[in-house]
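Reading through the structure tokens given below for one structure.
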Amino acid sequence: MNFVKKIALAAATTLTLACTANAFAAPMKYEIKGTGSGSIGGNTFSNQAFDISFIGDAASSPDLIDPLASAQIAISGLGTATLNIATRVGLAGTTIVYFSRSESLGGLDLFDFRVLTPISSLNSVFSVAGTDIFALDQFKNISSTLGDVTLESSSDVVFSSSDVSAVPEPETYALMLAGLGLIGVAARRKAGKQAA
């Protein structure tokens, strides 16, 4: 097998392994959006749009992801903060969603609600309206990168998920470009040797 073929095979193998590793992780992005009132870092807000977003490894369980990666809350006009606590998301049956502290922190619920359309698995892509919001009385003084966050009321909730594994990671692109670069160098060398 000549040098160019070896380089091409190595690049293809590396790219395949990188993509396969991403597929097994099965990361999903979840969002709880709505309108609410509360405070963040000492600044109060009233009837502002908010977006709680988090990434989870959906391969772990169809009805519980614990812990989540980097849960964030964005408040319209006040910025985006990363929560400084480990969190989880789960389903109780198919119609109750709970966003809470991780089991390692006692599992105290922060934001629970019913969904109007049943969800059979957190591993799927969905967008459903929420209603009957409860447990917000425990979403108090949660440490974040912008100071303590309190969510006192919420309405117009939408809970959604999207598959983020379908978009290649930056590392995958870097590996692919490095492989193509090596193939180009090898081809140029070979062409130089044949010309001489």
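If you take every residue apart from Gln138 with its C-beta less than 10 Å away from the C-beta of Gln138, what net charge results, scoring Lys and Arg +1 and Asp and Glu -1?
Around Gln138, the surrounding residues sum to -1.
Using the Cα centre of region 64-150 as origin and beta-carbon charges of +1 (Lys, Arg) and -1 (Asp, Glu), tell me which of Gly147, Ser70, Phe111 is placed farthest towards the positive end of the dipole.
Highest projection toward the positive end goes to Ser70.
What order do you get for 30-36, 58-64, 69-75 when each peptide is scored by the mean count of other beta carbon atoms within 10 Å, highest first?
Numbers: 30-36: 20.3, 58-64: 15.7, 69-75: 18.6.
Highest-to-lowest ranking by the protection proxy: 30-36, 69-75, 58-64.
Under 16 Å from a point placed 7 Å out from the Cα of Asp51 along the Cα-to-Cβ direction: which residues of region 113-136 have their backbone N that close?
Once the point is set 7 Å along Cα→Cβ of Asp51, 127-128 turn out to lie under 16 Å by backbone N, inside region 113-136.
Starting from the Cα of Asp156, move 7 Å in the Cα-to-Cβ direction to define the label point; list residues of region 28-47 whose amide nitrogen is under 13 Å from there.
Backbone N within reach: 33-37, 46-47.
Semi-axes, largest first, in whole Å: what does sqrt of 5 times each Cα gyration tensor eigenvalue give for region 93-149?
Over the Cα atoms of region 93-149, the ellipsoid semi-axes are 24, 13, 11 Å.
Readers should treat all values here as calculations from the given coordinates under stated rules, not as data from a laboratory. Being a predicted model, the structure only gives us computed values, none of them experimental. Positions of Cβ are backbone-derived with ideal geometry, glycine not excepted, and every protein chain shown enters the neighbour counts.
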